[in-house]
Amino acid sequence: MKRIALFPGSFDPITKGHESIVLRALPLFEKIIVAIGINDLKKGFYPVEQRSEWIKTVFKDYSDVEVITYEGLTVDLCKKLNIRYIIRGLRTSADFEFERSIGQMNKKMLPDLETVFLLTTPEYTALNSYIVRDIIRNGGDASQFIPDGIDLHTTQKYNDQAAH
Ligand code: ADP
């Protein structure tokens with residue numbers, strides 16, 4: 001069976017932190033599926049199609065990186081796609097506590113599933129999508145936090161009312 005890993009998140013928008021996790025996880029897996037979770041209760045900042053397009057652009061030279069969107073439980077998606085590994089990044093102890101309970105609950109629901117954690121590289125510890133959204137919302141320049149080759153300013157389509 002192929003070693004396929006799912007990297008789930010909101011990627012609203014993708015940052016250099018996300019990019020770094022995917023690139024560092026690539027040698028461990030034959031394929032990585034970046035999965036944008038759609039949450040009915042939480043309308044995103046950028047439209048899902050736009051987020052997906054940006055991620056595809058970032059990994060256009062990597063045939064072993066795929067981008068999908070999904071609704072519902074991540075474990076259900078893993079079952080459906082026969083995926084046994086989830087990748088998550090760890091920035092802080094707060095991330096750890098949050099991820100530990102999700103990872104343990106997911107394993108209860110799908111015992112074959114393993115969550116693989118990669119520590120963030122020091123330069124990206126403080127980076128998260130929320131900060132990037134805040135910069136954009138306030139008219140700032142977030143380009144240094146975003147992967148090369150994409151420009152968040154090319155779209156005016158964002159939801160200013162999106163919850164943090
Ligand atoms: P964010 O927390 O930035 O809103 P997501 O909810 O899309 O991002 O997170 C998806 C995954 O990416 C999570 O496992 C998260 O820990 C990881 N991640 C996000 N930013 C970074 C970063 N700067 N360094 C390492 N991992 C990160």
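Among the residues making up the range 145-157, a single one is more than 12 Å from P13 (Cα to Cα), under 18 Å from the mean Cα position of the chain (by Cα) and not acidic (D, E): G149.
All conditions in (1) within 15 Å of D12 (Cα to Cα); (2) surrounded by fewer than 13 Cβ atoms within 10 Å (Cβ to Cβ) hold for Q104, with the sole exception of (1). Going through (1) closer than 22 Å to K16 by Cα; (2) without any contact (Cβ under 8 Å) to a residue 60 or more places away in the chain one by one, R91 falls short only on (2).
Annotation note: of E99, E123, the sole residue that is within 12 Å of the ligand (Cβ to nearest atom), loosely packed, with under 13 Cβ neighbours inside 10 Å and modelled with pLDDT of 95 or more is E123. The set of residues in the range 97-125 being within 16 Å of the chain's Cα centre (by Cα) and free of Cβ contacts under 8 Å to residues at least 60 places away in the same chain consists of F98, E99, I102, G103, T115, F117, L119, T125. Looking only at the range 7-45, count how many residues are closer than 14 Å to V58 by Cα, more than 10 Å from the ligand (Cβ to nearest atom) and among the small types (G, A, S). Residues flagged as closer than 14 Å to V58 by Cα, more than 10 Å from the ligand (Cβ to nearest atom) and among the small types (G, A, S) within the range 7-45 amount to 0. Among the residues here, R51 does not qualify as farther than 14 Å from S129 by Cβ and in a helix (DSSP H, G or I).
The values are calculated or read from the model by the stated rules, or taken from the named source; none is laboratory data. Because the structure is a prediction, the values reported are computed rather than measured. Here Cβ is always computed from backbone atoms with ideal geometry, including for glycine, and neighbour counts include all displayed protein chains.
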